[in-house]
Each structure stands twice: as structure tokens, then as C-alpha cells.
Amino acid sequence: MSSEKTKFEQLYIGCYQRLHSVARAMLKDDEDANDAVSDIFVKLADGSLTLPAEHQESYLTATVRHLCIDRIRQMTTREKMKRRLSLSDPDPTLMDQERERITEMIDYAERTFSKQTWRVFQLRFDEGLLYREIAERLGISEVAVYKHLADALRKLKEKYNPTRV
């Protein structure tokens with residue numbers, strides 16, 4: 001067995017579990033966590049990712065975190081909410097109730113928010129853009145972005161949590 005292959009296997013065996021734990025905590029799904037960590041090791045094996053000579057485990061952990069962040073950004077708001085609920089609540093009837101509530105809230109938002117507020121809301125929560133990035137994309141000020149988001153959240157709170165408003 002070659003020295004490089006042995007090093008790769010040792011790295012895999014030594015780091016996989018910790019990297020999987022990081023990915024699992026972020027993605028809230030075992031299969032996605034396996035895929036994320038496997039993607040990193042495939043990139044190492046095919047040479048499209050190279051490790052620094054020192055701090056390899058830290059580098060791999062950071063790489064997995066960045067990959068997970070990219071995957072989360074690509075999810076829609078509905079996917080994110082369903083994923084969080086499906087793992088956080090073992091009671092299936094409660095999960096169904098929460099899914100229905102989330103779907104109702106999103107439908108309400110789509111119907112009642114102005115087009116601009118809905119677009120700002122989507123860019124912030126679906127795409128994970130910063131206020132500055134939303135402002136640039138829509139050609140509005142960051143203050144306008146803030147006002148649209150504040151309006152959206154206020155409406156949702158009034159509708160779905162009226163005692164706390």
C-alpha cells in the first residue's frame with residue numbers, strides 16, 4: 001500500500017466522525033451530512049482539494065462548515081423549516097401540525113406582503129443574503145430592506161402570535 005493512500009485512510013478514519021458530527025449539527029440530516037463529508041474526501045482523493053501541511057483537521061472542519069453553509073443557503077425556506085421540525089420533534093402528529101402552520105404562514109405571507117416585501121423576505125430567508133446584498137440586488141437602500149423585513153415580521157407576529165405584539 002502506498003504511503004499517500006495510507007495517509008489518506010488515516011485522515012479519513014481519524015476525522016470522519018468529527019466532520020460528520022459538524023455536518024449533522026448544521027444540516028440536521030444524517031444522509032446530507034454523509035454526503036457533505038464524502039464530497040470533501042472525494043475532492044481530496046481526486047486532487048481538487050489539497051490540505052495544508054499543518055492543521056489539516058482544522059482545515060477539513062472549516063471546509064465542511066463552508067460546504068454545509070452553501071447547502072443551507074441553497075435550500076428554500078420551506079425546506080429549512082421542514083428539516084428543523086422533522087428532527088426536533090419526535091411526535092409525528094405535532095410535526096404535521098407544525099408543518100401545516102408553517103405552510104399556512106408562508107401562504108399568508110405570499111398573499112399579504114407587497115411584492116417588494118415578499119421579494120426582500122425571500123432574499124433574506126431563502127437565499128440568506130445580507131441587507132447590503134439585498135439592497136444592491138433590488139436597487140434600494142439598506143434602510144428600505146430593514147423596513148420591509150420589519151414590516152413582514154410584524155405582520156406575521158400580529159397574525160400568528162397576537163398576544164405578544
Problem - Flag for L156 being surrounded by 13 or more Cβ atoms within 10 Å (Cβ to Cβ) and under 22 Å from D107 (Cα atoms) - result: yes
Problem - Within the range 1-40, tally of residues that are open to solvent by 80 Å² or more (accessible area, probe 1.4 Å), farther than 24 Å from I69 by Cβ and either of a type in the set (A, V, I, L, M, F, W, C) or modelled with pLDDT of 80 or more (or both) - result: 3
Problem - Matching entry among K82, K43 (being more than 30 Å from K159 (Cα to Cα), open to solvent by 50 Å² or more (accessible area, probe 1.4 Å) and either in contact with a Leu (Cβ under 9 Å, 6 or more places away or on another chain) or modelled with pLDDT under 80 (or both)) - result: K43
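Filter the range 96-128 down to the residues that are modelled with pLDDT of 85 or more, under 13 Å from L156 (Cα atoms) and either open to solvent by less than 60 Å² (accessible area, probe 1.4 Å) or of a type in the set (D, E) (or both) and list them by number. Reasoning before the result, please.
Pass one, the range 96-128, residues modelled with pLDDT of 85 or more: 104-124.
Still in the running and under 13 Å from L156 (Cα atoms): 104-113, 117-118, 121.
Those that are modelled with pLDDT of 85 or more, under 13 Å from L156 (Cα atoms) and either open to solvent by less than 60 Å² (accessible area, probe 1.4 Å) or of a type in the set (D, E) (or both): E104, M105, I106, D107, Y108, A109, E110, T112, F113, T117, W118, F121.
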Problem - Boolean, E136 is closer than 19 Å to R73 by Cβ, without any contact (Cβ under 8 Å) to a residue 12 or more places away in the chain and open to solvent by 90 Å² or more (accessible area, probe 1.4 Å) - result: yes
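Just give me the residues in the range 8-18 being touching a residue at least 12 places away in the same chain (Cβ under 8 Å) and over 14 Å from L44 (Cα atoms), in sequence order. I'd like the intermediate steps shown before the answer.
Going through the range 8-18, the residues touching a residue at least 12 places away in the same chain (Cβ under 8 Å) turn out to be 8, 11-12, 14-16, 18.
Residues satisfying the conditions are G14, R18.
The values are calculated or read from the model by the stated rules, or taken from the named source; none is laboratory data. Model, not experiment: these values are computed from the prediction. No Cβ is skipped: glycine too gets one built from the backbone with ideal geometry, and neighbour counts run over all protein chains shown. What goes into the accessible areas is simple: the full protein's heavy atoms, side chains included, and nothing from ligands, DNA or RNA. Shrake-Rupley method; radii C 1.70, N 1.55, O 1.52, S 1.80 Å.
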